[in-house]
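Have a look at the structure below before the remarks.
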Amino acid sequence: MASKPNPYAFPLKVKEYAAAPVPSMEEWETMWKAWDCVTTQMFPPEALMEQPISLRNPLKFYVGHIPTFEDIHLSRATGTALTEPSSYAQFFERGIDPDVDDPTQCHDHSELPTVWPDLEEMLDYREKVKLRIKSLYETGLAYKSRCVGRALWIGYEHEGLHLETFLYMSLLSPNIKPPPGVPRPNFEKMAKLAVARRVPNQWFNIPEQELTIGYEDPESDDGPNRYFAWDNEREPYDVRVAGFEAQARPVSVGEYVIYLVDAGRQDSFPATWVHMDTVTNTQVDDHAVKPLNGFLSSQPDGPLNESDLQSDGSLNGAQCNEHVARSLNGSSNNKVNGSLNGSDPHQSRHSEESVQSFIASHGIRTVWGPIPLAHALDWPATLCYNDASSYADWVGGGVRIPTMHEVRSIHEFADEQKKKRHGVETTTRSGGPANAKNKQMHTDPEAIFTDLTGANVGLQNFHPVSVTHRGGELCGLGDLGGAWEWTSSLFAPQPNFKPMDIYHGYSYLIPLVFYNCRRKSTYPKSLAGGICSISVHVFCKHQSLVQLGVTNRDWGSD
């Protein structure tokens, strides 16, 4: 196994992070170490009643939610009693995710305690649940019963989900602290290297493809020891996706700055950005960025090379999640192919001076505190859906956020191109389902999981990384710098959707939750994601009616 970049990093190779359907005890130990770091070492106990996102529960809720959720599902799977205090099941089973525009519209959720338990009591309860999990491996029941194995898998993935939930919420608090044992990165030096590596963000033709969406995973002990699937990943179906064009990599922070200035929306910057007066003891290096002339130029800005950063482990070549797309006959757009690529910075209303002024007066949040925005211009832009959609409208020329099926088509095509570059034979993507293998009951992890080597996922870094060097090749699954990816599709039931027997309320709590996920302004999650939020990877241009929304398999749970 390759050495970890930091003590909390998760493995990235398929046979390490998905060696078997049921997570191993080693995987649990890695998860617990990361969870304890984020919840008990990176945030002071006295501040846990903060609500960095007002529509979500206090941070302390999640300290109780994780072990309670796991205990409830293990009790259901084994037919045994809850761990004491059993009252935790009343208070911490389910969090809250109200409609952003109308908070009175909300799914069923737990009643919060009028008097919160002491943190010491909650941590003691967590230790009891961890012992319960360990006992299932010691007795072999974790592997003998697929129902128990599924409960363990659900709990493991759910803990990873909320590892990021806790991070993106606590990042908005002034009380966030750096992870112990992880040196502060040299953000200024990384920014200079990112400038030197910038290349234009090219458009790629994504051919028409037939895809299979979803997996076979009946909830029974019958059949092979197959990998599990969430309720809205089951019952595979075929879909033909028309051809379109997609940009290679996510929209960057620097590109989004140009949009804000040009559109006169300087006061509508993302929640993870701050005014410069909150950034102390820092200086903006005028040579670190060139936001307009040469913003995506490949010309280096000074004597800098990769070895300058690899030696201190600050950069690992990871990528991030934001695409745009357009129809195959879409016209080029000056805002994308002009000012953003450095050919003509005067075709829009903005000036280089006004953009530089905005950059100099703003910073961006990290777990080490805010840093100058100038040091993050090559990171993926992380936005709420409405802002991402507005950006696409501003770019014009038919540019839009792709549908979920189009994003899957991008991932499949990018994977095929990657294999070709490595001399691996691939089959045609147009004659039949590109991934028809998904209709099997999967026992081989290589058939359904992705090699994430080099990706900024699984806490390889506690910050996003540059994506502007990825403009020459199509970014695929996980290749997006540490952010999640918007689609324009509503999170709705797949054909023949059936709730999980063991977790009936996962995705389909009530129809409201399925339909209104797109309206959330808080950010989604994932163990495999970075610690920030969502960006817009592929803008597509395709002359079709655009649905507004987001698809994310884990929206149904808090």
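For Lys128 and Ile502, the difference between the fully extended length at 0.36 nm per residue and the C-alpha to C-alpha distance is 132.4 nm. The lysine pair tally for segment 14-170, using Cα distances under 20 Å and a gap of 8 or more places or different chains, is 8.
If R0 equals 35 Å, the separation of the Cβ atoms of Ala447 and Asn205 corresponds to a calculated FRET efficiency of about 0.85. Please compute the net charge surrounding Gly223, taking Lys and Arg as +1 and Asp and Glu as -1 over other residues with Cβ under 12 Å from its Cβ. My count for the surroundings of Gly223 gives -3. Label sites at Ser351 and Glu216, each approximated as a point 7 angstrom past Cα along Cα to Cβ, lie 6.6 nm apart. Neighbour counting of Cβ atoms within 10 Å sorts the residues His375, His504, fewest neighbours leading, into His504, His375. Between Ala360 and Ser54, the C-beta separation translates, for a Förster distance of 30 Å, into a calculated FRET efficiency of about 0.50. Counting every other Cβ atom within 10 Å of each residue's Cβ, Thr403, Thr443 order from fewest to most as Thr443, Thr403.
Here, each number is a calculation from the coordinates, and none is a lab measurement. Please read all numbers here as calculations on a predicted model, not as lab measurements. Using ideal geometry, Cβ is built from the backbone for each residue, glycine included, and neighbour counts are taken over all protein chains shown.
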